[in-house]
Amino acid sequence: MPRVSQERLDARRRQILDAAARCFARNGFHATSMQDVLKEADLSAGAVYRYFSGKDELIAAIAGTVLAEVRAAFEEATTDSPPPPPDVVIGTVLRRVLHRQPMLEEAGESLYPRLMVQVWAETLRNPELHAILQEGFAEVRKPWVKIVEAYQDAGMMRTDIPAISVARTMVALAQGFLAQYALFGEAPVQVVELGLQALTSMDDPKARD
């Protein structure tokens, strides 16, 4: 009997995670049953349980995957030196996060924000997931700290403000947009880009006196 290739095993695991993510994004973790996941994935129970023992393992795997993909989107946006201004970086990252996985889109709208909000909510009651999220966001902040330090080195940003403070603020801005997207419906990323352009162009009238 031929051995199943690692590539095929990884593809099947991805198929299960994508199906579970769609179910969780639509209905939440607690309203979704393993039977719902089996139906969405169009797989037998044996095929799914070969990879995951149950819903908790699926939730933890999805949380880890989402955070890894968010970090990858941030890292991809930091290849230029110095980096583009914050409005460009944030806009690029949000577009990549929203459309990184076509399998997590329905009717042209990304399910990613809904899934992220579900993960955040579950974190409040699940210590294991809280630990995964805490570690994951610590990793997500690292590329942002590098971006801020590059701004400071290039003379584009004040150096008397700790880079981590700016990095956390920028991450919070991206999180806030995704939360609004999930709660109030699709919104163009350009909204954030224009808002950031306005905020970063502010001038202190006292400085002119």
Some residue of region 147-163 being charged (D, E, K, R) and open to solvent by less than 80 Å² (accessible area, probe 1.4 Å):
no
Determine whether residue 5 is loosely packed, with under 12 Cβ neighbours inside 10 Å and polar (S, T, N, Q).
yes
The one condition residue 82 fails out of (1) without any contact (Cβ under 8 Å) to a residue 24 or more places away in the chain; (2) open to solvent by 60 Å² or more (accessible area, probe 1.4 Å) is (1)
Restricting to region 157-187, count the residues that are modelled with pLDDT of 90 or more and not in a helix (DSSP H, G or I).
6
Just checking, does region 191-199 include any residue being part of a loop (DSSP other than H, G, I, E, B), surrounded by fewer than 19 Cβ atoms within 10 Å (Cβ to Cβ) and not aromatic (Phe, Trp, Tyr)?
no
If we scan region 31-45, do we find a residue that is at pLDDT below 90 and either open to solvent by less than 20 Å² (accessible area, probe 1.4 Å) or farther than 30 Å from residue 152 by Cβ (or both)?
no
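Here's the yes/no breakdown for (1) outside any helix (DSSP H, G or I); (2) of a type in the set (Gly, Ala, Ser):
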residue: 58; (1), (2): no, no
residue: 61; (1), (2): no, yes
residue: 65; (1), (2): no, no
residue: 69; (1), (2): no, no
residue: 75; (1), (2): no, no
residue: 82; (1), (2): yes, no
residue: 94; (1), (2): no, no
residue: 103; (1), (2): no, no
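The values are calculated or read from the model by the stated rules, or taken from the named source; none is laboratory data. It should be emphasised that the depicted structure is a prediction, and the values quoted were computed from it without experimental measurement. Note that we place each Cβ from the backbone using ideal geometry, even for glycine, and neighbour counts take in every protein chain shown. Remember, those area values only see protein heavy atoms, side chains included, never the ligands or the DNA or RNA. Shrake-Rupley method; radii C 1.70, N 1.55, O 1.52, S 1.80 Å.
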